[in-house]
Each structure stands twice: as C-alpha cells, then as structure tokens.
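Okay, structure first, notes after.
The values are calculated or read from the model by the stated rules, or taken from the named source; none is laboratory data. Note that the coordinates shown come from a computational prediction; the quantities given were computed from them, not determined experimentally. Here the Cβ positions follow ideal geometry from the backbone for every residue, glycine too, while neighbour counts run over all protein chains shown. The area values use the complete protein model at the heavy-atom level, side chains included, leaving out ligands, DNA and RNA. Shrake-Rupley method; radii C 1.70, N 1.55, O 1.52, S 1.80 Å.
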Amino acid sequence: MNRPIENIQGPIRTQESSELVSDIERHIEDTTKLHQVLENKTHVVATYMEELVDRIGEDVEAHKRDYDAQKAEILQQQQQVDEAFKTDLKNTLLQHHIKSNSTLSLGPFFRHGDSRLEDFFIPPRLFEVLQKIKVDTENRATENQKSPITSLEQLLTPNDKTKKITIITANAGVGKTSFCKFVAVLWCALHDDQTDTISKFKERFDIPFASLKDIPYLLYIPMRDIPPNRTHSIEDIVFAHLEKEIGYQKQDREKLERVFTDERCLVILDGMDETSLSTLNSPMANRKYSIIITCRPWKLADMALPKYMH
C-alpha cells in the first residue's frame with residue numbers, strides 16, 4: 001500500500017512547480033510591461049520638461065528683449081531731456097552774462113552810466129604765487145616768489161591736479177571783479193561767435209584764451225548776493241545763485257548735478273571777502289568744473305580752504 005502513495009505525490013509536485021514557473025513568468029512579464037510603461041511615461045515627462053524649459057527660456061528672452069527695449073527708450077528720452085536742459089542752460093547763461101556782466105561803471109564823473117567792458121577793458125598781468133622757504137643761520141622765513149601766468153588754461157586746470165581751486169587775490173579797487181566779468185564776456189564771445197569782440201581782446205590780452213571754447217558752461221557768482229544761511233558747500237552756493245539770479249527751481253538740481261559731473265564748467269566765486277564764510281568745503285570728488293575764487297589778501301589768511309593755486 002505504501003508504494004502507490006509515493007507514485008501519486010510525484011505528479012503533484014511536478015504540477016506545483018509548473019504553476020510556480022508560470023507565476024514567475026507572468027510576474028516577469030508584468031514587471032517588464034510596467035517597466036516599459038514607466039519608461040514611456042518618463043520619456044513623455046522628460047520631453048514635456050524640455051519643451052517647458054525651452055518655452056520658459058523663450059519667455060525669459062522675450063521679456064529681457066522687452067525690458068532692454070524699454071530701458072533703451074527711457075535712456076534715450078532721458079538723454080533727450082538732458083540735452084535739451086543743457087542747451088537751455090547754456091543759452092540762459094549766455095543771455096544772463098550779456099545782460100548782467102558785460103558792463104562796468106567808469107565812476108561817478110561819467111554821465112553815460114555803465115560802459116561795455118569790451119570797449120575799454122585791458123586785462124591785467126597775472127602771476128602765480130610760489131611759496132618757498134628761505135633758510136638762514138638765525139631763523140626760517142617764508143619767501144614768496146612769482147611766476148607769470150602764460151595761458152588762461154593755467155587758471156582753469158592747474159598743473160598740480162591735487163589743487164582743486166584757483167584763488168586770485170588783490171587789494172580793493174585793483175580789478176578783481178573787472179577781470180571776472182572780462183572772462184565771462186570772453187566766454188560769451190567765444191561761444192556766440194562774436195568775432196569782433198574776440199579780435200579786440202586778442203589785441204589786448206597777451207596770453208592765449210582759446211581754452212574757454214572747450215568749457216560749455218560758465219557761472220559768475222558775486223558772493224555778496226549769496227544768502228548768509230547757505231552752507232559751506234560750493235555746490236550749494238552754485239544752486240543758490242541759479243535759483244536766485246537765473247530762475248532754476250529746486251527740482252532742477254538733479255539735472256544740474258549731472259551737468260557738473262558730465263560736462264566741463266567754470267565756476268567763478270567773486271568777492272569771498274564780502275561774505276561771512278570762514279570755511280569752504282572741498283568740492284565733490286567727481287566734479288568736472290573748475291573753480292576760481294577772488295578775494296582780498298586778508299580773507300585768504302582768515303579762511304579754511306581746500307588745497308588751491310594762488
């Protein structure tokens with residue numbers, strides 16, 4: 001009886017093994033299909049992401065082009081506004097100098113009032129003051145020596161670039177204001193093509209002055225007209241003058257500051273001894289304007305000033 005039972009168990013085991021193999025094969029097949037599905041979906045997602053990145057990149061480029069175009073348009077408009085402002089400023093200064101700074105009084109004995117400066121003014125000879133130390137066995141004393149000014153450019157741009165300011169000193173009545181107005185009239189003549197005036201001054205002035213042609217803006221500021229409550233800033237003095245005498249408004253200051261940093265200018269502060277200022281701050285570092293100050297000798301000794309040429 002034991003032998004027949006053993007014969008029955010053999011076929012059962014074979015059938016179970018076959019079913020197990022079939023299950024494994026189906027599992028492998030299902031896994032393969034699932035893997036293929038995942039690969040397909042991954043490819044679809046990857047393709048979509050690539051297209052999305054491309055679209056985003058195109059959108060970014062489009063926005064960047066729009067931004068650059070708008071920025072360029074704004075800059076162009078700003079440039080046009082600035083150029084119009086500069087043209088108006090120069091014309092305004094020309095008219096102001098011709099109206100207010102082109103004449104001088106000849107004194108109480110002349111009945112015809114003020115006379116045109118170009119008709120009679122003879123520019124003075126100018127010298128640069130050089131301070132040297134003279135040493136002897138007993139003491140050490142300062143000795144001033146003079147060097148003749150051979151070009152107007154020396155007053156505008158000293159050879160020593162660390163000197164921010166040119167100061168002209170002389171006693172009362174010598175002609176400091178007359179010289180300043182002469183420079184203003186000469187500037188007007190050069191920029192307004194007044195050939196007759198230029199010819200007259202070439203005959204009288206023995207140093208070259210063509211460098212004034214390279215200066216598009218000149219401001220002549222009588223210091224007695226500056227309100228005493230202004231700060232010790234040269235820029236504030238300039239803006240006070242432009243507001244009071246020429247009619248510019250406070251909202252124009254930003255445009256004016258761009259002019260003073262982008263363009264060459266000449267600022268003449270005439271009569272520093274006629275103010276109560278005891279200190280003058282250094283001008284802004286990025287300025288392109290030259291500064292000439294006139295005063296009597298005693299004021300120079302009493303004021304604290306940035307480095308200057310005398």
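Of all residues in the stretch 195-212, those satisfying the criterion of being of a type outside the set (A, V, I, L, M, F, W, C) and either touching an Asp or Glu at 6+ places or on another chain (Cβ under 8 Å) or surrounded by 12 or more Cβ atoms within 10 Å (Cβ to Cβ) (or both) are T197, K200, K202, R204, P208, S211.
Might you let me know whether the stretch 273-281 holds any residue that is aliphatic (A, V, I, L, M) and more than 20 Å from L130 (Cβ to Cβ)? Checked the stretch 273-281: at least one residue is aliphatic (A, V, I, L, M) and more than 20 Å from L130 (Cβ to Cβ).
The residue that is nearest to I221 (Cα to Cα), counting only those in the stretch 167-189 that are part of a helix (DSSP H, G or I) and among the β-branched types (V, I, T), is T177.
What do you reckon, is I293 in a strand (DSSP E or B), open to solvent by less than 60 Å² (accessible area, probe 1.4 Å), touching a residue at least 60 places away in the same chain (Cβ under 8 Å) and under 26 Å from P123 (Cβ atoms)? Yes, satisfied. Quick one: is D59 out of contact with any strand residue (DSSP E or B) (no Cβ under 7 Å at 6 or more places or on another chain) and either more than 30 Å from W187 (Cβ to Cβ) or open to solvent by 100 Å² or more (accessible area, probe 1.4 Å) (or both)? Judged against the criteria, D59 is a match. Scanning the stretch 244-270 for residues that are open to solvent by less than 60 Å² (accessible area, probe 1.4 Å) and farther than 24 Å from S211 by Cα yields a count of 5. Candidates R13, R3, R65: the one that is modelled with pLDDT of 75 or more, basic (K, R) and either open to solvent by 100 Å² or more (accessible area, probe 1.4 Å) or not in a loop (DSSP other than H, G, I, E, B) (or both) is R65. Kindly establish whether E245 is more than 21 Å from S151 (Cβ to Cβ) and without any contact (Cβ under 8 Å) to a residue 60 or more places away in the chain. No. Only residues that are farther than 26 Å from H97 by Cα and either in a strand (DSSP E or B) or among the hydrophobic types (A, V, I, L, M, F, W, C) (or both) were counted across the stretch 258-290, and they come to 2. Per the conditions (1) open to solvent by less than 30 Å² (accessible area, probe 1.4 Å); (2) modelled with pLDDT of 80 or more, the sole criterion not satisfied by P158 is (2).
Against the numbered list (1) over 45 Å from the mean Cα position of the chain (by Cα); (2) open to solvent by 100 Å² or more (accessible area, probe 1.4 Å); (3) of a type outside the set (A, V, I, L, M), R116 comes up short only at (1). Among the conditions (1) modelled with pLDDT of 80 or more; (2) loosely packed, with under 12 Cβ neighbours inside 10 Å; (3) over 32 Å from the mean Cα position of the chain (by Cα), the only one that Q79 does not satisfy is (3). Of all residues in the stretch 260-270, at least one satisfies being of a type in the set (D, E, K, R) and either in contact with a Pro (Cβ under 6 Å, 6 or more places away or on another chain) or under 13 Å from S233 (Cβ atoms) (or both).
Total residues in the stretch 190-246 satisfying the condition of being under 19 Å from S290 (Cα atoms) and either assigned to a helix (DSSP H, G or I) or not hydrophobic (A, V, I, L, M, F, W, C) (or both): the figure is 24.
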